[in-house]
Amino acid sequence: MLSHQQNKSVSSIVPCDTYAWFSQRAWVEIDLAALSNNILELRKLLSPRTQFMAVVKADAYGHGAVSVAQTALKSGASWLGVATVPEGIELREAGIKAPILILGATYTPEQVQAIAHWQLQPTLCSTKQALIFSDILEAINFDSSLQVHIKLDTGMSRLGTDWQHCAEFVQLVARLPYLQIASIYSHLATADSLDNTVMKLQHQRFESAIATIKDIGIEIPCLHLANSAGTLSDKSLHYDMVRVGLAVYGLYPSVHLGSTVELKPVLQVKARVTHVKTIEKGVGVSYGHTFISNKQMRLAVVGIGYADGIPRNLSNKMQVLLRGLKVPQVGAITMDQIMIDISAISDVQEGEIVTILGFEGEQQITAEDWANQLNTISWEILCSFKHRLPRVNPKIKK
């Protein structure tokens with residue numbers, strides 16, 4: 001039987017005092033009160049009948065799956081979304097009873113048996129996959145019907161059966177023993193774009209597919225289409241449920257969606273100064289000497305590096321916050337350490353806290369800032385922080 005140990009991550013968030021000794025180096029702060037606020041605010045956009053799925057895949061985008069899932073369910077979410085079977089098992093082993101949808105494709109006998117055993121709900125994308133599920137469940141003498149979710153490809157060109165062939169696929173699944181259709185859904189490819197042409201086309205295709213399925217007399221218990229961007233941008237996309245990932249964690253899928261609802265970033269990354277030194281003019285800093293001092297400078301070494309999740313391509317580009325001021329990082333980012341220019345701040349001491357991502361007073365450095373510098377997306381930034389950085393909730397004392 002599959003166990004989450006095969007893909008285990010450190011997903012619990014501990015009170016800040018518990019890891020006081022480890023926090024001498026670096027850590028990730030997770031504000032669960034902010035997460036709760038975000039879900040409450042997002043739910044205000046929905047009709048009372050529309051359910052809320054919190055997407056907690058990839059260890060809740062690096063925030064800690066178990067603690068995030070528990071908080072999300074207490075705050076108004078009724079479903080959870082994960083990518084893999086081990087992610088779902090981890091939540092079940094933590095005592096979470098809510099429905100869990102596996103958004104990724106599953107097809108091996110071991111996966112099917114684990115899904116049935118742990119009462120997870122798979123996504124079905126193809127005839128072959130549906131037949132495998134039915135055959136395996138029959139072979140193990142499964143004593144009930146497994147709730148399954150049919151995914152239609154309306155333009156993402158990733159998982160899902162082609163929307164134009166939906167009738168045949170849905171009829172097949174409906175006839176197979178041991179399977180019960182729990183929902184039909186699709187995924188939006190460009191909902192975060194100002195140009196909504198593709199999104200409208202996908203919406204039209206989804207509507208057409210649903211009409212076709214209803215015409216052949218198959219009842220659809222639940223429909224869902226909207227991701228975070230769809231939830232924020234268009235109420236007609238909400239249907240019976242929305243699947244919200246990024247916005248749960250306090251970030252907007254696109255700048256133009258930022259005025260829809262007030263979200264609070266949940267994650268901050270902090271580290272401590274481990275060494276302070278003075279260098280003279282003309283001195284190279286870090287590997288490759290990509291930075292050469294143009295004057296006498298004071299440097300602080302900070303105990304965090306690319307092995308913790310800071311992209312090395314931010315070398316000589318990023319800033320951090322120290323005492324509420326933005327200061328530049330200099331030299332190549334190394335595996336475990338970065339160097340910052342503290343020449344403008346007097347009497348910096350070892351042990352002082354540096355905010356790598358987050359806010360101090362009126363100053364803020366966000367995942368979007370890094371994403372823009374790297375020509376990537378904030379999703380990737382959030383998921384990059386490794387688990388040698390403990391996740392702590394600074395608002396809960398031991």
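Beyond 27 Å between alpha-carbons counts as too far, so tell me which of LYS57/LYS386; LYS57/LYS326; LYS97/LYS151; LYS235/LYS386; LYS128/LYS200 fall in that bin.
Pairs exceeding the cut-off: LYS57/LYS326; LYS235/LYS386; LYS128/LYS200.
Return the single residue from ASP195, ASP240, ASP31 with maximal mean-square fluctuation; model: Gaussian network over the chain, springs between Cα atoms under 10 Å.
Most flexible of the set in this elastic network: ASP195.
Just to be sure I understand the model, the point goes 7 Å from the Cα along the line to the Cβ. What's the resulting ALA167 to ALA98 distance in nm?
My value for the distance between the label points is 3.8 nm.
Restricting to bridges with both residues inside the chain, how much of the DSSP beta-bridge set is antiparallel, in percent to the nearest 5?
Of the beta bridges lying entirely in the chain, close to 50 percent run antiparallel.
Please identify, among ILE353, ILE216, ILE30, the residue showing maximal mean-square fluctuation in a Gaussian network model of the chain using a 10 angstrom Cα cutoff.
ILE216
Of HIS149, HIS275, HIS387, which is the most mobile in a GNM of the chain whose springs link Cα atoms less than 10 angstrom apart?
Checking each option, the largest mean-square fluctuation is seen for HIS275.
Can you run phi through the Karplus equation (6.51, -1.76, 1.60; θ = phi - 60°) for the stretch 269-276 and list ³J(HN,Hα) in whole Hz, with x for Gly and Pro?
Using θ = phi - 60°, the values come out as 10, 9, 8, 10, 5, 10, 6, 10 Hz.
Return the long-range amide H neighbours of LEU146 (sequence gap of 5 or more, or a different chain), with a cut-off of under 5 Å between placed amide H atoms.
Amide H neighbours of LEU146: LEU179, GLN180.
If you place +1 on the Cβ of every Lys and Arg and -1 on the Cβ of every Asp and Glu, how big does the dipole about the Cα centre of the chain come out, in debye to the nearest 20?
740 debye
Tally up the carbon and sulfur contribution to the accessible surface of the chain as a whole percent, 1.4 Å probe, everything protein left in place.
That fraction is 50 percent.
In square angstrom, what is the accessible area per residue of the stretch 272-398 with a 1.4 angstrom probe?
Per-residue value: 50 Å².
How much mean residue ellipticity at 222 nm does the chain get from its helices, if each DSSP H run of length 4 or more adds -39500 (n - 2.57) and you divide by all residues, to the nearest 500 deg cm²/dmol?
-8000 deg cm²/dmol
Return the sequence-ordered ³J(HN,Hα) values of the stretch 104-113 in whole Hz as given by the Karplus equation 6.51 cos²θ - 1.76 cosθ + 1.60 applied to θ = phi - 60°, using x for Gly and Pro.
For the stretch 104-113, the Karplus-derived couplings read x, 7, 10, 7, 7, x, 5, 5, 4, 5 Hz, x marking Gly and Pro.
Identify, among VAL285, LEU232, LEU263, the residue whose Cα sits farthest towards the positive end of the charge dipole of the stretch 232-287, taking +1 on the Cβ of Lys and Arg and -1 on the Cβ of Asp and Glu, with the dipole about the Cα centre.
It is VAL285, whose Cα lies furthest towards the positive end.
Put +1 on the Cβ of each Lys and Arg and -1 on the Cβ of each Asp and Glu in the stretch 289-398; which of GLY309, LEU389, ILE345 then has its Cα farthest toward the positive end of the dipole?
The residue sitting most towards the positive pole is LEU389.
The values are calculated or read from the model by the stated rules, or taken from the named source; none is laboratory data. Computed from a predicted structure; not experimentally measured. Methodologically, a virtual Cβ is constructed for each residue, glycine included, from the backbone with ideal geometry; neighbour enumeration extends over all protein chains shown. With ligands, DNA and RNA removed, areas are computed over all heavy atoms of the protein, side chains included. Shrake-Rupley method; radii C 1.70, N 1.55, O 1.52, S 1.80 Å.
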